[in-house]
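Chemist: Let me begin by handing over the structure; questions about it come next.
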Number of protein chains: 2
Amino acid sequence: MTRDRDFTAVGRALSTPARSTFLNLLMDGTARPAGELAQTAGVSASTASEHLSVLVDAGLVTCQHRGRHRYYSLAGGEVAAALESLGVLADAAPVSGFRRSRRAEYLAAARFCYDHLAGRLGTGLTDAWVRSGWLAGRDELALTDAGAVGLREVGVDVDGAVAARRATTRACLDWTERRPHLAGALGSAVGSRFLSAGWVTRHRSGRGLDVTAAGRELARTAWGLDLTGA
Amino acid sequence: MTRDRDFTAVGRALSTPARSTFLNLLMDGTARPAGELAQTAGVSASTASEHLSVLVDAGLVTCQHRGRHRYYSLAGGEVAAALESLGVLADAAPVSGFRRSRRAEYLAAARFCYDHLAGRLGTGLTDAWVRSGWLAGRDELALTDAGAVGLREVGVDVDGAVAARRATTRACLDWTERRPHLAGALGSAVGSRFLSAGWVTRHRSGRGLDVTAAGRELARTAWGLDLTGA
DNA sequence: GGAACGCTTCGGTGGACGCCGAAATGTCCC
DNA sequence: GGGACATTTCGGCGTCCACCGAAGCGTTCC
């Protein structure tokens, strides 16, 4: 039975600067305590608490208790996907000062987008895998048999990703590059593998990633990808 | 340069029932005059006008003058795509009464989703084309060479779709079926062809579609698809 | 047990905005 | 040109809500 969708609750949840900031902070898939979110957004703890309960009620964010902290994170992959596609419409938030533009630069190089690799690293890998026939399609991304073999060889849990309930592959439109990169269960598996194998390391407290020497070496030898800029 | 996205403007645009209703009405890709939108949403003309200007300012909707009418329509495919992915999160809007549930039923059978076929017709065609190797992928949809040949044969402007600036293929998650169906430039071309060839006809004033006898026959003989339910 | 800490709830305030009717603007028809 | 019609603009009203500080609740550490 098809019905119209009521966008009011979700819309209201997105409609204030503080909540928008919270969501941007959580887009890397991390869980953060309420106080940290409050401080970053520049609102009092009580205000932040109210905002967070709105986001939870709207189903965008979940909360888990850990001792005297409460960690908030995005409610799931569909939420990240929806925010990404909204991001294509939304204006870029104002950034001020050198420090934030430095941050913007390294985010453009490599970052986590909820649970998969994004930035020049993400689009570069995706392009390389399309060229080598591991992924099919230009705008949409389907895993080929050759791709399954190849990714398995570098230790990506391909079978777990295929068996997962969520979509195996999904193309996520990169805000920076305006080009698709691999998301979905397989994108998540690739991201986990890159992190666990030490090919990328998380920048302290953020979405930014550093590509390690081992990561660059792998990209160059395995897929002919030059990541000196990333 | 990656920046955070400011969701406030878009969120605010979505955050009232009247505006949500407007967007739902425009999701079929039609352009409608302000008065009709006002009446359907149950608000005064002046209120509707204010709402519409908010939607235009947020970039979700465009307006074109036609004599003394002003026709409003969705601003583009990215808007439809964003609303679709938001729709996965949003609750179904309350429907009341028999008349609306009848409407819901025929919408579930076949409808336009912005510019491509959706409902059981849309997912049925997509599934059939994946089975016959015209489209590759399970969750994402890439056009194969065989698909290009086959669709060209039934009169779909495949080459125009490939050359278009927007994505050739895109998987759109159906609200009814919770399964993907073909969207993007190719989905649009398929929709146009089905309409121009008389395989479907538009229900008066709405997103609903009727599959004609010729359309059913084609689906059965060409792709082994039984559309008696659609 | 008590103090420090993280977070939420409560009460109150100011501004934003959704709503309407009336008036103004613009277009069409005769 | 005048009257009907579609739409927008304006003025005003009522409500909702973002915000803060203070108080309350639960956890941790000594």
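Chemist: Please list, ordered by residue number, the strands (runs of 3 or more DSSP E) wholly in the stretch A:148-230 having 1 or more residues that are within 17 Å of the chain's Cα centre (by Cα), closer than 23 Å to residue B:142 by Cβ and at pLDDT below 90. Talk me through it step by step, then tell me what you get.
Modeler: Values: elements: A:170-173, A:180-183, A:200-202, A:209-211.
Per the criteria, A:170-173, A:180-183.
Chemist: For residue A:21, which of the numbered conditions (1) surrounded by fewer than 20 Cβ atoms within 10 Å (Cβ to Cβ); (2) modelled with pLDDT of 90 or more fails to hold?
Modeler: So the condition that residue A:21 fails would be (1).
Chemist: Among (1) crowded, with 22+ Cβ neighbours inside 10 Å; (2) hydroxyl-bearing (Ser, Thr, Tyr); (3) within 14 Å of another protein chain (Cβ to nearest Cβ), where does residue A:72 come up short?
Modeler: Here residue A:72 meets the rest and fails (3).
Chemist: Please verify whether residue B:103 is modelled with pLDDT of 85 or more and in a helix (DSSP H, G or I), treating the condition exactly as stated. Lay out the reasoning, then the answer.
Modeler: On the way: modelled with pLDDT of 85 or more: no; in a helix (DSSP H, G or I): yes.
Spelling it out, it is not the case that residue B:103 is modelled with pLDDT of 85 or more and in a helix (DSSP H, G or I).
Chemist: Using the structure shown, decide if residue B:47 is surrounded by fewer than 19 Cβ atoms within 10 Å (Cβ to Cβ), touching a residue at least 40 places away in the same chain (Cβ under 8 Å) and more than 14 Å from chain A (Cβ to nearest Cβ).
Modeler: Working: surrounded by fewer than 19 Cβ atoms within 10 Å (Cβ to Cβ): yes; touching a residue at least 40 places away in the same chain (Cβ under 8 Å): no; more than 14 Å from chain A (Cβ to nearest Cβ): yes.
So residue B:47 does not fit the description; no.
Conditions (1) touching a Lys or Arg at 6+ places or on another chain (Cβ under 9 Å); (2) at pLDDT below 90; (3) within 15 Å of DNA strand C (Cβ to nearest atom), marked per residue:
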| position | (1), (2), (3) |
| --- | --- |
| A:37 | no, no, yes |
| A:77 | yes, yes, no |
| A:82 | no, no, no |
| A:122 | yes, no, no |
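Chemist: Turning to a different aspect of this structure: Kindly indicate whether residue B:171 is facing another protein chain (nearest Cβ under 7 Å), in contact with a Leu (Cβ under 9 Å, 6 or more places away or on another chain) and within 23 Å of residue B:222 (Cα to Cα).
Modeler: Working: facing another protein chain (nearest Cβ under 7 Å): yes; in contact with a Leu (Cβ under 9 Å, 6 or more places away or on another chain): yes; within 23 Å of residue B:222 (Cα to Cα): yes.
Yes.
The values are calculated or read from the model by the stated rules, or taken from the named source; none is laboratory data. Predicted model only: the values in this text are computed from it and were never measured. Cβ sites come from the backbone with ideal geometry, for glycine too, and all protein chains shown count toward neighbours.
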